[in-house]
1. Can you tell me which of 147-153, 247-253, 161-167 comes out highest on packing, and rank the rest after it, using the mean Cβ neighbours within 10 Å?
2. Run the simple label-point estimate for Ala245 and Asp88 please: 7 Å along Cα→C-beta, distance reported in nm.
3. Tell me, in nm to one decimal, what length is gained between Ala217 and Thr69 on full extension, where the rule is 0.36 nm per residue of separation less the Cα-Cα distance?
4. What are the lysines whose alpha-carbon lies under 28 Å from the alpha-carbon of Lys71, with same-chain residues fewer than 8 places away excluded?
5. Place a +1 charge on the Cβ of each Lys and Arg in segment 110-251 and a -1 charge on the Cβ of each Asp and Glu, then give the dipole magnitude about the Cα centre in debye, rounded to the nearest 20.
6. What order, most packed first, do the peptides 107-114, 222-229 have when packing is the mean number of other Cβ atoms within 10 Å of each residue?
7. Treating cross-link reach as a plain straight distance, find the lysines whose alpha-carbon is under 21 Å from the alpha-carbon of Lys213, omitting any fewer than eight places away in the same chain.
8. Just tell me which aspartates and glutamates come within less than 18 Å, Cα to Cα, of Lys147; anything on the same chain fewer than 8 places away is out.
Amino acid sequence: MNCIEEGALPLRRVRTRTVLLLGSLVAAAAMGQQQGHENLKAAIEANTAGRIQVDAVRPTPIAGLFEVTTKGLDLFYVDRSGRYGLVDGRLVDMQYQRDLTVARLTELRSIDFAKLPLQLAIKRGNGSRVLAVFEDPTCPVCRSLHKFIAQLPDTTVYHFPFPVITPQAMPIAVEAWCATDRAEAWERAMAGGAAPARQPPSCDISGIQQIIKTGDALRVNGTPTVFLANGRRLQGAVPPDDFLAALDESSRSSPPRPAKR
């Protein structure tokens with residue numbers, strides 16, 4: 001006969017109770033996870049004022065990061081609060097509809113406008129809205145932006161010749177730089193009407209070279225590149241409405257005092 005100490009349970013009964021207990025814990029965990037997912041779905045829909053209707057929420061291998069699917073095919077990721085999402089590789093505050101990645105990149109790419117060598121620029125206008133533009137006369141987008149900027153009222157523009165796009169750009173820039181009326185010659189160049197000419201022996205083009213060095217130091221990797229008075233950088237073909245909105249926002253801060261010419 002097998003002897004069982006008083007108060008002890010048979011081994012089979014202990015195993016059975018253990019299995020039941022583990023099963024209950026797993027079920028409770030699953031229910032808790034499901035409830036957590038339902039809470040997260042509700043938080044996402046609340047933070048987006050119902051604009052996003054969540055189909056499903058799943059955990060990811062990263063703790064605290066959850067996969068969200070909408071409309072069966074769209075996919076993005078959110079934190080545990082359901083407020084911050086990773087959408088197309090960008091961090092978004094969904095409650096305030098703010099792209100935090102763009103905001104941070106804007107901050108990183110901004111400069112101190114007052115440190116630009118404005119004394120070397122070709123100045124046009126004397127308005128309260130201030131901007132500087134690095135432009136190449138052989139760049140079609142530069143020429144389009146140049147024409148657009150010329151039509152803006154109440155604007156001071158500092159044009160920096162930045163002839164780096166094609167080999168033909170430097171001779172055109174030098175011809176304008178060495179002209180008697182530099183501003184008028186640069187207008188012709190940006191209108192596509194300038195022809196390369198031999199550089200006068202007495203012409204000092206160190207200013208162009210300094211502008212190019214400045215652009216390199218500021219990591220101006222393409223033209224046109226615009227710097228607004230608040231230091232914000234705009235590069236390439238920016239939609240007109242976005243350009244004007246950024247310019248107006250910049251003008252609400254104190255612009256730098258125009259350099260003496």
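Where a number appears in this text, it was derived from the coordinates with a stated rule and is not lab data. Every value quoted in this text rests on a predicted model; they were computed, and no experiment measured them. So basically every Cβ, Gly included, is an ideal-geometry build from the backbone, and we count neighbours across all protein chains shown.
1. Details: 147-153: 12.6, 247-253: 14.9, 161-167: 19.3.
Taking the mean over residues of other Cβ atoms within 10 Å, the ranking is 161-167, 247-253, 147-153.
2. Taking the two extended label points, one gets 1.4 nm.
3. On the way: separation 148, 0.36 × 148 = 53.28 nm, distance 4.37 nm.
Going from the current span to full extension adds 48.9 nm.
4. Partners within reach: Lys41.
5. On the way: 13 positive and 14 negative charges, 45 e Å.
Dipole about the Cα centre, nearest 20: 220 debye.
6. Values: 107-114: 13.4, 222-229: 22.4.
The densest-packed peptide leads the list: 222-229, 107-114.
7. Partners within reach: Lys115, Lys123.
8. Glu135, Asp136, Glu184, Glu187, Asp241, Asp242
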